[in-house]
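See structure below.
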Amino acid sequence: MKEKGKNEIICIMGDRGKNAVRTAEMIREKELSVREVLDLVYENIRLKDGELNCYITQDKENAYKAAEAMQKRIDAGEDAGKLAGVPVAVKDNFCTKALRTTCASKMLESYIPPYDAAVVTNIKKAGGIITGKTNMDEFAFGSRSDISYFGPVRNPADIRRSAGGSSGGSAAAVAAGEALIALGTDTGGSVRLPASHCGVVGIKPTYGRASRYGLIAYASSFDQAGVMAADVESAAIALECLCSYDPKDATSLNRPDMLGTEVYDGRVKGMRIGLCEDVLEKCDAGVAAAVNKAVQELEGAGAYVETLSIKNREYELPAYYALVSAEASSNLERYDGVKYGYRSAEYTGLEDMYLRSRTEGFGEEVKRRIMLGSFVLSAGYYDDIYLRAMKVRKLITREYDELFKGYDLLIGPVSTETAPLLNEKDEDPVKEWYKDLCTVSANLGGYPAMSLPCGCDGRGMPIGLHLMSGRFRENNMIKAAYALERILSEAE
Ligand code: GLN
């Protein structure tokens, strides 16, 4: 390795920015070998992961094999893809062929899928090297990545704190240089919240842009794969590689337009932005100050920012939790100990086998969601709760659809607070659900949304700015985020 390249990549892999695009460029230009980059990532994993617990399963052997094959292609002058040689970590709810996929649950502790999820195939096609599977909340139910059968993920900025959830392992891995790109899933905020708590960029595309084929379902009408990276450009390029039309997913949409990577002019002049004051008011002082500063910068760059309040905000969380629990209870019916997954060692008959396998295989939060969902869908309450929640979803979406006629973007905080301490958790599990206040709207309406690091609070914990645009207008938020990222880094 040339010394210059080596120093730069060590800097890239250090604490400040692990730019995947730049790394891919250096690999293409042979300033770095694929193996050297992988060595650095696995060295970070070796040094840090004992504490951070980002990975449930590492796939070192196959990663090095893939690296070798990739290097051959590069050396032969082939175009090996936009992510050629870039180490990518994958959340453990995406199926990976011959690689254990657990969903952080005892239920799937030894499950080995026979196929790759469509988005994993896409990342491999783009040249990404899969480093392993990241830790998460069990079945993606949670906001802290502490409800994992494999123990909690710890925040690289302060290991006493949560990395956010449910894709906490992915966010922490990127923040710690244990991967340059990571895949997550976002049903109600699980890409954006951990990205925000760990200080990385996290993007969830419009519902239907990324295939759900091979993604272990939580709530199918909300679930969407997303990406995390240290910077906007790397995240946007990874997003472009992730998304594709897939006939194997009935909700997949064939819309490759306006994904955003074409808009790196950083021009926000004339952009119309709505600032969601209703959630800003609920924020801790440090978070509110950082968001307000970002707003000022956007205005300074020529954007028009108006404050507004979301009228139906109070209905968002109730509608979200009623509907996702309903969908989850149905999706999780398949884990019965018969075809795959955990089966209790002792039972007296079929019914008893179901009962014991599910009782022993699922954690507490999963059971809570299944019970709530079954209740919501039960004959006596279906009309009263499920159907009503569906109507409320429509109402909420209508409000945002109207707003997106006048605004290119809606912005606000990703979370009202920075990463909470792992050992300080309210006894009441429902309190935990309020953590999704600022993020569920994007999933209720299928809008693209992202988290952009916009500073730190007094304790040095990262703060995320939430940007959301109309369906298929990823370009708006990526453009603004790219501009803001530059302005904020220059101001430092
Ligand atoms: N915290 C939310 C929930 O538990 C969001 C999770 C997610 O997006 N996967 O439902």
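The values are calculated or read from the model by the stated rules, or taken from the named source; none is laboratory data. Just so you know, these numbers come straight off a predicted model, no measurement behind them. Heads up, the Cβs are rebuilt from the backbone with ideal geometry, glycines too, and the neighbour counts pull from every protein chain shown.
Worth a mention:
- Qualifying residue in the range 443-452 (condition: under 23 Å from Arg160 (Cβ atoms) and touching a residue at least 12 places away in the same chain (Cβ under 8 Å)): yes
- Any hit, the range 452-460, residues being in contact with a Pro (Cβ under 9 Å, 6 or more places away or on another chain) and at positive phi: yes
- Scanning the range 109-142 for residues that are part of a loop (DSSP other than H, G, I, E, B) and within 16 Å of the ligand (Cβ to nearest atom) yields Ala117, Asn135, Met136, Asp137, Phe141, Gly142.
- Among (1) more than 19 Å from Ser244 (Cβ to Cβ); (2) part of a loop (DSSP other than H, G, I, E, B), the one test that Ala172 misses: (2)
- Arg209 crowded, with 23+ Cβ neighbours inside 10 Å, among the basic types (Lys, Arg) and modelled with pLDDT of 95 or more: yes
- Odd one out for Ala236 among (1) crowded, with 24+ Cβ neighbours inside 10 Å; (2) within 16 Å of the ligand (Cβ to nearest atom): (2)
- Residues that are part of a loop (DSSP other than H, G, I, E, B) and within 17 Å of the chain's Cα centre (by Cα) within the range 68-100 comprise Asp92, Asn93, Cys95, listed in sequence order.
- Residue that is farthest from Ile478 (Cα to Cα) [pool: residues in the range 416-457 that are part of a loop (DSSP other than H, G, I, E, B) and of a type in the set (Gly, Ala, Ser)]: Ala419
- Those residues of the range 258-300 which are surrounded by 15 or more Cβ atoms within 10 Å (Cβ to Cβ) and modelled with pLDDT under 95, in sequence order: Met258, Leu259, Gly260, Thr261, Val263, Tyr264, Gly266, Arg267, Val268
- Of all residues in the range 343-364, those satisfying the criterion of being surrounded by 18 or more Cβ atoms within 10 Å (Cβ to Cβ) and in contact with a Lys or Arg (Cβ under 6 Å, 6 or more places away or on another chain) are Ser357, Gly361.
- Test: residue in the range 89-97 that is within 16 Å of the ligand (Cβ to nearest atom) and in contact with a Phe, Trp or Tyr (Cβ under 8 Å, 6 or more places away or on another chain): yes
- Tally, over the range 222-233, of residues that are more than 13 Å from the ligand (Cβ to nearest atom) and part of a loop (DSSP other than H, G, I, E, B): 2
- Just one of the numbered conditions (1) polar (S, T, N, Q); (2) surrounded by fewer than 19 Cβ atoms within 10 Å (Cβ to Cβ); (3) in contact with a Pro (Cβ under 8 Å, 6 or more places away or on another chain) is not true of Ser469: (2).
- Condition met for Ala236 (of a type in the set (A, V, I, L, M, F, W, C) and over 17 Å from Arg22 (Cβ atoms)): no
- Some residue of the range 244-257 being modelled with pLDDT under 95, assigned to a loop (DSSP other than H, G, I, E, B) and farther than 27 Å from Glu327 by Cβ: yes
Listed here are the residues, each with its yes/no results for (1) surrounded by fewer than 24 Cβ atoms within 10 Å (Cβ to Cβ); (2) away from the ligand (no atom under 12 Å from the Cβ).
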residue: Leu183; (1), (2): no, yes
residue: Asp186; (1), (2): no, no
residue: Cys198; (1), (2): no, yes
residue: Val201; (1), (2): no, yes
residue: Tyr213; (1), (2): yes, yes
